[in-house]
Amino acid sequence: MPYIVRVRREFQAAHYLTDYHGKPEPLHGHTWEVELFIRADKLDKGGMGFDFVEIHKFLDEILPDYQCMNDIYDFSPSAENVARYIYNKVKEKYPTLQKVVVWETKHGGAEYFEE
C-alpha cells in the first residue's frame with residue numbers, strides 16, 4: 001500500500017512578473033511556501049518512506065532563498081512557473097514525486113503535477 005510523504009518548506013524571495021497586464025510589475029517579495037507530495041511504495045526498516053531531513057537539505061540546495069528570482073530564472077517567476085520548475089528539479093532526485101504546491105501568499109498559489 002503506498003504512502004504520500006509530504007514536506008513543506010518556506011523561503012523568502014523577490015520577483016516581478018515580466019508581462020503583467022502588458023508591462024512588468026514592480027519588484028516585491030514574499031514568504032513563499034513549497035509543499036512536495038512524494039509517493040513511497042514501501043517503508044524502510046525504520047518505518048520511513050523518505051527521510052524528511054534529506055528532503056529539506058535538497059530543498060535548501062534548489063530554493064532561491066533571499067534572492068530575486070528574475071535574476072536566476074530564464075522565465076517569468078509566477079507561482080505556476082515556479083511550481084513547474086521545482087517539480088522538475090525534485091523529480092530528478094525523487095522520481096515518485098506526485099505534485100508540488102507553491103504558495104506565493106497564504107491566499108494564492110499554484111500546484112503542478114503530470115498525469
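Summarised in one figure, the compactness ratio Rg/Rh of the chain, Cα atoms and Kirkwood Rh, is 1.02. Between Y66, Y85, Y20, the residue with the greatest mean-square fluctuation in the GNM of the chain (Cα pairs under 10 Å linked by springs) is Y20.
Taking the longest Cα principal axis of the chain as reference, the axis of helix 52-62 is set at about 30 degrees. Close amide H partners of Q67, meaning residues 5 or more places away or on another chain with modelled amide H under 5 Å apart, are A14. State the percent of C-alpha pairs, over all pairs in the stretch 59-110, separated by a distance greater than 18 angstrom. When all Cα pairs of the stretch 59-110 are counted, 31 percent exceed 18 Å. Seen against the Cα atoms of the chain and their longest principal axis, helix 79-93 is set at about 30 degrees. Annotation: lysines with alpha-carbon distance below 29 angstrom to K91 (same-chain offsets under eight excluded): K42, K45, K57, K99, K106.
Any read-out appearing in this document is the output of simple, stated calculations on the displayed coordinates, not a laboratory observation. The structure presented is a predicted model; accordingly, all values stated were derived computationally and were not measured.
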